[in-house]
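Step one of this worksheet: look at the structure below.
Please treat every number below as a calculation from the coordinates, not as lab data. As the structure is a prediction and not an experimental result, all values here were calculated from the model. A quick note on method: Cβ atoms are made from the backbone with ideal geometry, for glycine too, and the neighbour counts reach across all protein chains shown.
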Amino acid sequence: MADEVRKLAEESQQSASQISHLISGIQSEIVSTTDSIKGIKEVAVNGVKMIERNKKTFEEIVGLMEEFSSRIDELSSFAQHISRNIQGITASFADISKEVRKTSEHSQQVAGLTEEQIAVIEEVTASANELAKLADDLHRLRSEDEINRSCRSNGSFI
């Protein structure tokens, strides 16, 4: 029985040694796992920080995009306003062009009428000059006739 007790004691010692060895392995694995978990936790914390930075960056981008969109809307509205003004100016230029053509036509008509009036005035002037010459001639003839009559009545002849 002593052999059996010794044998059991040896087996117990071997089992205790194996258990101790297993416990040491498990402890080593736990330390390794704990270190890995700490590393993963650190990576996760850094990932969360990076996600938060990216979130802030995307929020800034969204804010800039909204501001950019607002400015594009303002520019579009301004461009439409300018386009309407240009259309109005173009219509005004067309109206002015029509009026200039009409004025040019009227000026040409006035110039034609002025030329006609000048021709009529020249004819009237020529006629007036002829009448003045005829009046002078008549006046001279009358004076000569009066002189001749006066001389005949006085008995003197020229």
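Just one of ASP3, ASP73 is loosely packed, with under 10 Cβ neighbours inside 10 Å and either acidic (Asp, Glu) or in contact (Cβ under 8 Å) with a residue 12 or more places away in the chain (or both); which is it? After applying the criteria, what remains is ASP3. Considering SER92, SER143, SER153, the condition of being in a helix (DSSP H, G or I) and under 55 Å from the mean Cα position of the chain (by Cα) is satisfied by SER92 alone.
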